[in-house]
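*Asks:* Just dropping this structure here.
The values are calculated or read from the model by the stated rules, or taken from the named source; none is laboratory data. None of the values given here were measured: they were computed from a predicted structure. Methodologically, a virtual Cβ is constructed for each residue, glycine included, from the backbone with ideal geometry; neighbour enumeration extends over all protein chains shown. Just the protein is used for accessible areas: all its heavy atoms, side chains included, with ligands, DNA and RNA removed. Shrake-Rupley method; radii C 1.70, N 1.55, O 1.52, S 1.80 Å.
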Amino acid sequence: MILERAFKVFLFSVFFCFFQQGLAKDTYDLEEFRQYFKKSWNPPSKEQQEGTDNSIVSPFENIRIGFFRLNLTADDVSGDDRLEIHNDFWLDEQDFRNLSNFYFNYVNIGDSQHRHGRIQKILRLIFRIFTINTTTENSPEDQELIQAMAKSLFEPLFYTRTNDDGINPYYGIFNPNAADLLSHHININNSLALMFFTFLGPYVLPMNTFLHHSHVLVWRITRNSYHQALSNSLLSGNISEYHSPQSFANQLKAANLDTETALIIGLSSMARASTMCTNLHRSWPETLESLLQKFLSTGILDNCYNTMSLLRLGPFAFASSPEFLHSYQGMREFAYNILGLDIDLTPSRVLAKESYAHSGVPGNLSGHSPQDNSSCRNSDSAWRSENKGSNNETTLEAGAIVGATGGSQECLICSKSLEDKTIPENAIRSVVCKDCIKNILKD
């Protein structure tokens with residue numbers, strides 16, 4: 001009798017345990033992700049992983065960024081219990097690689113018809129990481145350590161011209177004056193570059209410099225991806241097929257570039273929010289939608305279209321420009337087709353956001369603590385000294401790069417000042433110099 005009762009208690013305990021796990025909240029469908037890859041993933045061979053920076057790694061890698069940790073390996077927790085908050089701040093390059101890998105694994109599972117939903121969920125998860133790291137209060141001493149930690153990862157990737165393999169491709173894609181390194185497709189992990197810049201840049205770069213570099217980085221990443229997709233006939237070479245937000249988005253979907261574009265839209269907006277909220281003492285948005293509404297750059301669509309136009313039309317790329325590039329509705333439709341989210345980009349809200357860089361705020365603000373501005377200024381000064389030709393600190397707003405001294409335009413690829421003779425007479429705007437156009441046409 002006693003044994004029978006004990007057995008019943010045991011069965012009840014087991015049943016209750018499974019019942020609790022079944023009811024466990026799983027905001028980001030992490031258990032569905034784990035079950036999918038338990039059935040479908042096989043470890044890659046050594047040959048598959050050799051010769052590429054975008055290494056194939058296990059989908060079951062934990063991710064620790066700042067105070068946040070995503071526990072994907074443990075079998076004794078489930079759902080939201082995998083989302084951990086730690087007291088100590090931690091950064092490691094491998095975690096950014098793991099997050100990059102996790103993003104693309106996550107959005108590409110299951111039926112492609114449900115990709116919008118998966119894109120939204122993982123962007124909400126990344127937004128949660130930003131929220132925790134941005135809103136957690138730190139002492140001045142801890143903040144100094146955090147900035148030093150971020151700098152120790154950021155500078156080797158983006159500021160070092162050479163590495164053990166020769167020319168550092170991430171230097172080439174980040175440095176505004178490295179056009180000579182960009183005449184051909186660059187073998188880099190685009191999403192890793194975005195992850196590094198987005199999470200670490202606000203701790204390292206002055207605000208206006210950060211916004212300028214953000215535009216340059218997006219330009220070069222999209223050029224890198226579009227060049228490869230055109231070469232492989234994944235994107236149409238007919239520029240007329242890009243003349244509406246929906247048709248442009250459809251072309252990117254067909255080439256499987258919508259996932260990268262969604263990441264660009266999401267990370268760029270989070271990065272802008274991080275650096276602006278910190279330096280301008282703005283409150284952090286409560287939801288992903290409110291963040292996109294306030295900080296989504298309307299220049300992203302313009303940037304993407306100009307990249308495609310330049311690759312296909314060369315020196316005639318800027319002779320005309322579709323109307324949708326210059327409307328808030330165009331960016332709204334493009335974002336909806338890529339993300340599946342309808343973001344209200346009303347002119348008053350966007351203009352209020354885009355006036356930040358012209359509001360008299362000094363361009364040497366950086367990171368999360370005023371005490372550390374001098375080190376960031378010194379780092380940025382050394383950068384400009386090493387790369388002569390980038391004489392004017394610049395500010396990006398609404399898709400245009402405007403010199404801080406007089407409003408002269410600069411080439412998006414090499415940052416050299418554009419002389420009037422380089423601009424076609426009937427162009428609405430020219431953003432690439434003749435030398436860079438010639439290099440692109442060589443490809």
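*Asks:* What order, most packed first, do the peptides 234-243, 157-166 have when packing is the mean number of other Cβ atoms within 10 Å of each residue?
*Replies:* In decreasing order of mean packing, 234-243, 157-166 become 234-243, 157-166.
*Asks:* Between residue 344 and residue 329, what is the label-point separation in nm under the 7 Å Cα-to-beta-carbon projection?
*Replies:* 1.7
*Asks:* Restricting the calculation to Cα positions, tell me the Rg (one decimal) and the Dmax (whole number) of the range 50-120 in Å.
*Replies:* 13.7, 40
*Asks:* Given H placed 1.01 Å from N in the peptide plane, which residues other than close sequence neighbours of residue 235 have an amide H under 5 Å from its amide H?
*Replies:* 230
*Asks:* Also, quick follow-up: Apply the Karplus parameterisation 6.51 cos²θ - 1.76 cosθ + 1.60, with θ equal to phi minus 60°, to every residue of the range 164-176 and state each ³J(HN,Hα) to the nearest whole Hz, in sequence, with x for glycine and proline.
*Replies:* 5, 9, x, 5, 7, x, 6, 4, x, 7, 9, 6, x
*Asks:* I would also like to ask the following. List the residues, sorted by chain then number, that are 5 or more residues from residue 65 or on another chain and whose placed amide H is less than 5 Å from its amide H.
*Replies:* The list, which skips near neighbours in sequence, is 70.
*Asks:* Evaluate the range 251-292: find the radius of gyration of its Cα atoms, find its Kirkwood radius, and give the ratio Rg to Rh.
*Replies:* 1.15
*Asks:* Between residue 139 and residue 111, what is 0.36 nm times their sequence separation minus the Cα-Cα distance? Round to one decimal in nm.
*Replies:* Difference between extended and current length: 5.4 nm.
*Asks:* What do you reckon, how do 41, 219, 90, 284 stack up by accessible area (1.4 Å probe), largest on top?
*Replies:* 90, 41, 284, 219
*Asks:* Work the Kirkwood hydrodynamic radius out for the range 59-185: mean of 1/r over every pair of different alpha-carbon atoms, inverted, in Å.
*Replies:* 17.1 Å is the Kirkwood radius here.
*Asks:* By how many nm would the segment from residue 36 to residue 289 lengthen if fully extended, with 0.36 nm per residue of separation less the alpha-carbon distance?
*Replies:* Once the chain is fully extended between residue 36 and residue 289, it gains 88.3 nm.
*Asks:* Hey, rough spin-label estimate for residue 160 and residue 241, points 7 angstrom out along Cα→Cβ, what's it come to in nanometres?
*Replies:* 4.1
*Asks:* If you average the alpha carbon positions of the range 183-221 and of the range 251-279, how far apart do those two centres end up, in angstrom?
*Replies:* If you average the Cα positions of each part, the centres end up 11 Å apart.
*Asks:* Roughly how many Å is it from the Cα centre of the range 77-148 to that of the range 289-311, as a whole number?
*Replies:* 23
*Asks:* On to the next question. With +1 on each Lys and Arg Cβ and -1 on each Asp and Glu Cβ, how big is the dipole of the range 85-199 about its Cα centre, in debye rounded to the nearest 20?
*Replies:* It works out to roughly 700 debye.
*Asks:* Sticking with this one: Across the range 233-335, what fraction of all alpha-carbon pairs, as a whole percent, falls in each successive 10 Å bin from zero upward?
*Replies:* Reading upward from the zero bin: 14, 42, 29, 13, 2.
*Asks:* Using θ = phi - 60° and the Karplus form 6.51 cos²θ - 1.76 cosθ + 1.60, what ³J(HN,Hα) does each residue of the range 155-162 get, whole Hz, x for Gly and Pro?
*Replies:* 5, x, 6, 9, 9, 8, 5, 10
*Asks:* Still on this structure: What Kirkwood radius, in Å to one decimal, follows from the Cα pairs of the range 129-228?
*Replies:* 14.6 Å is the Kirkwood radius here.
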